[in-house]
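Quick notes on the structure that follows.
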Amino acid sequence: MALYASWVGSMVEVALARGTLDPNLATMLETRRAEGNQRVFRAAGELGEPVRSYVARLIAIEDLLAQLPVK
């Protein structure tokens, strides 16, 4: 979970600084989203409700990142 949270956080940092997504980060995001959320939710489920809620917020952030323009 920490690695996933760190990855999403680094994407947010770049997006906030630029106002857009870098093409390389956009490709990484697209690839991650194509993998689906099943494994992330399964891992979160094993760690309990607080972690499931946290992961749900991270996925919501991921959804917002996917809506940003790519430059």
With a Förster radius of 35 Å, plug the Cβ-Cβ distance of Leu16 and Ser53 into 1/(1 + (r/R0)^6) and report the FRET value to the nearest 0.05.
-> 0.90
Note the angle between two axes, namely the Cα long axis of helix 2-18 and the longest principal axis of the Cα atoms of the chain, as a number of degrees from 0 to 90, rounded to the nearest 10.
-> 20
Using Cα atoms only, what is the angle between the long axis of helix 23-35 and the major principal axis of the chain, expressed in degrees (0 to 90) to the nearest 10?
-> 30
Working from the pairwise distances between different alpha carbons, so that the mean of 1/r is found and then inverted, what is the chain's Kirkwood radius in Å?
-> 12.5
To the nearest 10 degrees, how steep is helix 49-66 against the longest Cα principal axis of the chain, on a 0 to 90 scale?
-> 20
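Rule-based calculations on the coordinates, nothing more; no lab input. Just so it is clear, the structure is predicted and the values come from calculations on it, not from any experiment. Neighbour counts are summed over all protein chains in view; Cβ atoms, including those assigned to glycine, are modelled from backbone coordinates with ideal geometry.
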